[in-house]
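Chemist: Sharing a structure with you now.
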Amino acid sequence: MSSELVTTALATGAKAGAAGADRKSHTPLPNIKEWLQFSGWLQYLPSFVIAGILTLIGLPFHFIALMPIAWVFYALAILFAARGLFDLAVIKFRLFSLPEPAPVPIAGDALDVIRARRSCRSFQAHPLSKDHRALVDACVAHHTALDCAEALTQGEVRAVYVAAPLRVWPSVNAREFLVVLGPADDDRAAVIEAGRAMQSVVLDLTAAGIATCWIGPGADQRSVEDALGDRFDPTRDQVLCVIAIGYASRYWPLMTRVMKRAMAKRKPLNDLIYDEVPGLPAPLTKKPYKHLKPAFKAVQKAPSSYNGQTTRLILSREDDRLRIARFATEEGSRYSGPMALGIWTANWSRAMHALGHDGRFVLKKNPQPMALGLVRDVDWLPNKPA
Ligand SMILES: Cc1cc2nc3c(=O)[nH]c(=O)nc-3n(C[C@H](O)[C@H](O)[C@H](O)COP(=O)(O)O)c2cc1C
């Protein structure tokens, strides 16, 4: 295990996944928030806290006999409390079950699948069907195979299926996971490859109607290691992150729904896609970029830890043709940045393939410094100028 992870473990009392190690907490004791997070209660608390605050705001109006105003606040408080109780009854305690949607495969091409993928933070009770379980195994086997043609580096990444209620945040009712393992010693190439391989798995599962959620900082590593048992060897392995898999529920705790909205916004393409040098927005309305816009949107839609969106694409053209696409990330991150970059490569190659352009990736041995505090890890070269 890396020293970064050990430090995190000691500092917080509950280890974050390696992807979370970029965001270390230095709280000396296990804190209440962390306990609430991993106990699975924090998602439900805000509705009741808001109800309490609204009641407190209504009270002064009550005392000065402005009853209509007081009742507006009381009514809102009742609505929030009712929502909190509903979430507890239906989602946490499953006191009764309400109709849930059946999984629907995505009709369309790779671009439609990339557009349709979203982090799922509330899962249905029933496990994956036999066919879907077999699909998960097949996708993992294919994308992490030693001879996987798309692999950026060979043999460094494993993904282990685990059926156990791992302690994760803020997803609720996730009971099936892929635990993504890399080498025990820090290995940037393996982290990038984990991003590529597992995003390829995620997209294949999305296409079949299976919901997923990448979880790095939100995974309690101790529960992950316990669930892995002897499939985890700390002298050989490092948990990079987990991916929750299952069927998406229609019912989400209010707070989780709000978080989803808040963390779904994307930076504009001008801030992500550069022309020749970092910082110079690519002219996306001009040749050759105009026709490649769906691929730019595909990388813009890629998931990233805390929606950090740390990856950038620096393009070069020649005679109105794309000659090279350089994938860069913010300097200094050892996990979430390289992993997000790997995820971009998966979205990019699928989108470009859908647009009729294939190419090959070249992984740099060491990240190459660029302007604006970026480092370049991977180049994509089209087989034919795109
Ligand atoms: C490496 C990685 C780690 C992530 N960790 C978490 C996590 O711990 N908890 C969580 O709910 N979401 C996590 N996410 C999901 C992001 O928050 C999500 O991708 C982002 O907010 C964008 O939303 P979208 O995936 O719905 O497009 C992670 C994503 C990545 C790629």
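The values are calculated or read from the model by the stated rules, or taken from the named source; none is laboratory data. The structure displayed is predicted, hence computed values, not measured ones. Because the Cβ atoms are built from the backbone with ideal geometry, glycine has one as well, and the counts that use them run over all protein chains shown.
Chemist: Looking at the stretch 285-334 only, could you name the residues that are part of a helix (DSSP H, G or I), within 12 Å of the ligand (Cβ to nearest atom) and of a type in the set (Ser, Thr, Tyr)?
Modeler: Of everything in the stretch 285-334, those that are part of a helix (DSSP H, G or I), within 12 Å of the ligand (Cβ to nearest atom) and of a type in the set (Ser, Thr, Tyr) turn out to be Ser305, Tyr306.
Chemist: On the given criteria, is Ala102 surrounded by fewer than 23 Cβ atoms within 10 Å (Cβ to Cβ) and modelled with pLDDT under 95?
Modeler: Criteria not met by Ala102.
Chemist: Specify the residue that is farthest from the ligand (Cβ to nearest atom); the eligible residues are those in the stretch 111-140 that are assigned to a loop (DSSP other than H, G, I, E, B) and either modelled with pLDDT under 95 or within 17 Å of the chain's Cα centre (by Cα) (or both).
Modeler: His126
Chemist: Additional query: So if I check each of Arg158, Arg231, Arg222, Arg236, which one is in contact with a Lys or Arg (Cβ under 8 Å, 6 or more places away or on another chain) and not hydroxyl-bearing (Ser, Thr, Tyr)?
Modeler: Result of the check over Arg158, Arg231, Arg222, Arg236: Arg222.
Chemist: Among the residues of the stretch 226-272, what is the count of those that are of a type outside the set (S, T, N, Q), in a helix (DSSP H, G or I) and more than 20 Å from Ser336 (Cβ to Cβ)?
Modeler: 12
Chemist: Which ones in the stretch 235-279 are in contact with a Phe, Trp or Tyr (Cβ under 6 Å, 6 or more places away or on another chain), away from the ligand (no atom under 11 Å from the Cβ) and under 30 Å from Ala325 (Cβ atoms)?
Modeler: Selection gives Leu269, Ile273.
Chemist: Is the stretch 360-367 home to any residue that is surrounded by 24 or more Cβ atoms within 10 Å (Cβ to Cβ) and more than 15 Å from the ligand (Cβ to nearest atom)?
Modeler: no
Chemist: Would you point out the residue of the stretch 368-379, among those that are surrounded by fewer than 22 Cβ atoms within 10 Å (Cβ to Cβ) and not small (Gly, Ala, Ser), that is nearest to Arg323 (Cα to Cα)?
Modeler: Taking the candidates together, the pick is Asp379.
Chemist: Could you check the stretch 277-331 and list, in sequence order, the residues that are of a type in the set (Ser, Thr, Tyr), in contact (Cβ under 8 Å) with a residue 24 or more places away in the chain and either more than 20 Å from Asn383 (Cα to Cα) or surrounded by fewer than 19 Cβ atoms within 10 Å (Cβ to Cβ) (or both)?
Modeler: Ser304, Ser305, Tyr306, Thr310, Thr311, Ser316, Thr329
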